[in-house]
Amino acid sequence: MKKVLSVLLAAALMLSSAAAVAEGGRFNFFDFFNEQNVTITKSEYDSLQRFKKLAEVYEQVARYYYEDPDEDLMMEGAMWGMLQALGDPYTFYYSPDDWQKNLEDDEGRYAGVGIQMLGNYQTNVVTISRVFNNTPAERAGLHKGDILVRVDDLTVTAETMSDAADLMRGKEAETVEIEVERRGEKLVFTVGREEIHVNWIESTMLDDQVGLIALYEFSGDCEVQLTNALKKLREQGATSLIIDLRDNGGGWVDAARIIADLFLDGGVLFYAENRAGRRDNYYTRNGKDDIPLVFLVNGGSASASEILSGSLQDLGRACVVGTKTYGKGIMQRVIELDGVNDRADGMQVTYAQYFMPSGRKVHKVGITPDIICEMPEELVSEYFELGDMDDVQLKKAWETAVALRDGQIVLSPAEPYTEEDDDAEDDSDAAAFAPMPLFVSLPL
């Protein structure tokens, strides 16, 4: 991307200083660097003209700015601005540092303390939402639900959580001081850093027949971990299954398709359409496990979580329990660019909207559960350990799994959606959709 933009800038600078002569609909530019003629088409010339203003700004900074400008930083800012101008919070540029962190997050391997933190931009509070298994944080005694107060000398808020993440990541064998608030008491921990291997799922038996899998993110080898967990639960006697997708903001779409493949025979799982209206179907294959299935969702369940739960709900394969999901019905491509100073950078761009097998729209609408179960107000801020039946929503999911197993609930596929259905959903739900999440989650 930087090379392309640099070429455009250079060409635009030529436009402002070199004469263009039309020759049969084509234009020649005098190349001052190698004294050769460069020939481009009329459409290419018109496209380059659009970058002339950008080149003029660059030229004036280079001429007048009171210090030597950082050209790499200027280029990065130009790319950020170009993508930000689209007005889509899911389309953005990855600097080389951000690109490296993104790769580490997806692989689930990095040097850190072993927690996931959740920042709430309404309250400005940052909470530990997960403590990864067998990590320095777990051994030091940090708990799920602890409120982060300070990391070394940095006061932790939703605005500073990215800086806090940088402090908690770093060289192995070094330590970081973390202060938390737990039930009104301030506690200080000295936590070492080591290579972290993220467990994308956790599983347990809720009783002697109902199994639970909590799937935290569609990243890394989550589909492999979930497949192994399902096999283990089956061996332990599970005759019905709950998959907890609460606060799972999504991830790789193909991971959702592979997981869905465990529970479906061959057919269309969902389909996507680009701006030209071209439709791409995403399929599953034969070989399903018939175990009665419940998905547990909430307002933090988005994207791939909505694909997985909504599609199986649509096909009459699973019962969905909880509250309406977030409503992110668009898909992104993550693209590696040419790099900056031999360091990879990248971008993410929204390229399509997806729909359930019936044609049901998800974007700005969400998935409405079959069984609505709100978390009581006094428990909204509670962080329950895996399998804790004081979790009201989990208890309702367990009751539903038992009822499915015993034949007290019978599922059926959804009717095909119509344009009238979409219009009704747009009128009732789109106004409530928040394009930027109120919560941001970071593993570290």
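Each value in this text was obtained by applying a stated rule to the coordinates, not by laboratory testing. Just so it is clear, the model here is predicted, and its values are computed rather than measured. We place every Cβ from the backbone using ideal geometry, glycine too, and count neighbours over all the protein chains shown.
Remarks
- Counted over the range 201-413, the DSSP beta bridges are approximately 60% antiparallel.
- Amide N proximity, the range 85-107 versus ASP342 label position 7 Å along Cα-to-Cβ, cut-off under 20 Å: 95-101
- Qualifying lysines (Cα of each under 29 Å from Cα of LYS144; at least 8 residues distant if same chain): LYS101, LYS171, LYS186, LYS231, LYS232, LYS324, LYS328, LYS395, LYS396
- Fewest-first ranking of THR350, THR190, using other Cβ atoms within 10 Å as the exposure measure: THR190, THR350
- In order through the range 213-218: 3J(HN,Hα) via Karplus (6.51 cos²θ - 1.76 cosθ + 1.60), integer Hz, x for Gly, Pro: 10, 9, 9, 8, 6, 8
- In this structure, the amide hydrogen of THR239, modeled 1.01 Å from its nitrogen in the peptide plane, lies closer than 5 angstrom to those of VAL210, GLY211, counting only residues at least 5 positions away or on a different chain.
- Note on the range 55-101: dipole from Cβ charges, positive end direction compared against TYR93, TYR66, GLY77; the farthest Cα belongs to TYR93.
- Shape category assigned to the range 300-424 from the gyration tensor of Cα positions, a/c cut at 1.5: oblate
- DSSP beta bridge pairing in the range 182-319, given as percent antiparallel to the nearest 5: 50
- Amide H contacts under 5 Å for TYR110: ILE196, restricted to partners 5 or more places along the chain or on a different chain, H placed in the peptide plane at 1.01 Å from N.
- Fewest-first ranking of SER240, SER381, using other Cβ atoms within 10 Å as the exposure measure: SER381, SER240
- Order of SER47, SER358 under a 10 Å beta carbon neighbour criterion, fewest first: SER47, SER358
- Distances between placed amide hydrogens fall under 5 Å for ASP146 paired with ILE128, all partners being 5 or more residues away or on another chain.
- Shown in residue order for the range 81-88 are the 3J(HN,Hα) couplings computed by the Karplus curve 6.51 cos²θ - 1.76 cosθ + 1.60 at θ = phi - 60°: x, 4, 6, 5, 5, 5, x, 10 Hz (x for Gly and Pro).
- Of the GluC sites (Glu not before Pro) in the range 295-382, those whose Cβ has at most 15 other Cβ within 10 Å and which sit in DSSP loop: GLU374, GLU382
- Global form of the range 109-197, assessed from the alpha-carbon gyration tensor, a/c cut-off 1.5: prolate
- The range 109-197, relative contact order in percent, only Cα pairs under 8 angstrom and at least six apart counted: 35
- Inter-centroid distance (Cα atoms) of the range 312-334 relative to the range 270-285, Å: 16
- Placing unit charges on the Cβ atoms only, positive for Lys and Arg and negative for Asp and Glu, gives the range 201-413 a dipole magnitude near 1080 debye about its Cα centre.
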